[in-house]
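Just so you know, all these numbers are worked out from the coordinates, no wet-lab data involved. Just so it is clear, the model here is predicted, and its values are computed rather than measured. As a convention, Cβ positions derive from the backbone with ideal geometry for all residues, glycine included, and neighbour counts pool all protein chains shown.
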Amino acid sequence: MRRLITVLALLCAYGSANHAQTAPAPPAQAAPPPAPAKFPAAKNDYSNGDSWLCRPGLSPEKDACAVDLSTTVISADGQRTPEPWAADPSAPIDCFYVYPTVSTEPAGNADMTPGPEEKAVIRAQFARFVSKCRPYAPLYRQATLAAIRAIAIGQPLPVDRLMVYNDILDAWNYYLAHDNHGRGVVLIGHSQGAGVLTLLIKNEIDGKPVQAQIVSALLLGTNLAVPKGKDVGGAFRHIPLCHAASQTGCVISYVSFRATQPPAPNGRFGRVPGEDMQAACTNPAALAGGSGELHAYLGAKGGGFVGDAEATPGPWLKSGPPIATPFVSVPGLLTAECVNNENGSYLAITVHGDPAGPRASNITGDVVVNGQVLAEWGLHLIDVNEAMGNLLDIVGQQSKAFAASAPKK
């Protein structure tokens, strides 16, 4: 199965696949990378609301962020407590989100018609941020799951990787020109989305005037390069890693693995090229270092992607009626700590389950192919969800710090 990771890397200059649990078995030899498109792709019209999954002013029917995010908090003793959720229409900052590899389109690049998979990942990874910021989530013609599977069986589809980046660049430039109006903005991306945002920050933001408007960047499920023992100087020259929730203009980045199943020493996650470089790990549960409790928002039916039946091992409670809300929160179940060793630099997740207790004692989130867990992928599917509450708290505090440091008008 390790060959699958090599194959995916050919596609994932912009990140790694999110729903790879449905991929077929890889061939004996890695296929060559897909050929780029011969002609420049037509530009998307980001003045058209149909080019956005979330954006202020969209009708509820078209706004993928206008969803039910109600949660059942399940304590270790099995007690259920409802937790409502509400957007903040007066949020003082913006969030710009690029989603991971989810498209089920048959071609190498996705089209610009949102499917249930794009809407589901918004609900799982991004919509909850609307309690802290105005949401902007552009559609883009990402590299698809079909492209990944085609490479895996040695029959690559054409994929225009430049178009992937240019779509997000065009959406970002439109947002800056027409929607930003000098507001602070948090950049959020996972996997392929985090990879695209890394390039965008490097090319368009790092060291440029617009950097002053960056509240923070959450680049999750990707290998972000930093020099060993330093916070800046790798992928970015002027944007450091975050060490406190009151710090702004910084980056949070990690790849997550179970503490009992660390990345393989020759794996693709938790490592970057260069003898003096390492993959960034910033623990959202303890930005200053050490271990901390994760405030997860997980799907009531299993993993972070609500309704992902394949990832469902069983109910969250061993007795009683089914959970009625789309999400659950499980206080005390998960802690995290950044680890840097011969296996790489990664966020180690410890599950503190009680098999004799009324609550489920484990979580889902592993990548599964043909019924087998691909340990090389760690908890990639829930990189965002496992720390959603922590990230929301951080963004809320960063928003206040950003407002306090802004020049008075």
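For the reader, a short list of remarks on this structure follows.
- Projecting the Cα atoms of Ser405, Val373, Asn385 onto the charge dipole of the range 356-409, computed from C-beta unit charges around the Cα centre, puts Ser405 farthest toward the positive end.
- Charge dipole magnitude, Cβ of K and R +1, D and E -1 - the range 165-210, Cα centre, debye nearest 20: 140
- Over the range 150-254 - Rg/Rh using Cα atoms and the Kirkwood inverse-distance radius: 1.02
- Positive dipole terminus of the range 104-178, leading residue within Thr144, Leu169, Cys133 (C-beta point charges): Cys133
- Once exposed loop GluC sites (Glu not before Pro) are cut out (DSSP; at most 15 other Cβ, 10 Å), longest piece of the chain: 62-274
- All aspartates and glutamates inside 15 Å of Lys400 as judged from Cα atoms, apart from same-chain residues fewer than 8 positions distant: Asp88, Asp94
- Of the DSSP H helices in the chain, those with a Cα length along their own long axis of 20 Å or more and a mean Kyte-Doolittle hydropathy reaching -1.0 comprise 161-175, 388-405.
- Exceeding the 27 Å Cα-Cα cut-off - candidates Lys119/Lys301; Lys202/Lys230; Lys119/Lys230: Lys119/Lys230
- Top positive-direction residue, dipole computed over the chain with Cβ charges, set His181, Ala245, Val395: His181
- Within the chain, helix-based [θ] at 222 nm, where runs of 4 or more DSSP H residues each add -39,500 (n - 2.57), nearest 500: -5500 deg cm²/dmol
- Placing +1 on the Cβ of every Lys and Arg and -1 on the Cβ of every Asp and Glu, with no other charges, gives the chain a dipole of roughly 460 debye about its Cα centre.
- Our compactness index for the range 207-364, the C-alpha radius of gyration over the empirical 2.2 N^0.38 Å, is 1.18.
- Alpha carbon Rg of the range 96-212, scaled by the compact-globule rule 2.2 N^0.38 Å: 1.11
- log10 of Debye I(q)/I(0), alpha-carbon scatterers only, for the chain at 0.09, 0.14 Å⁻¹: -0.50, -1.32
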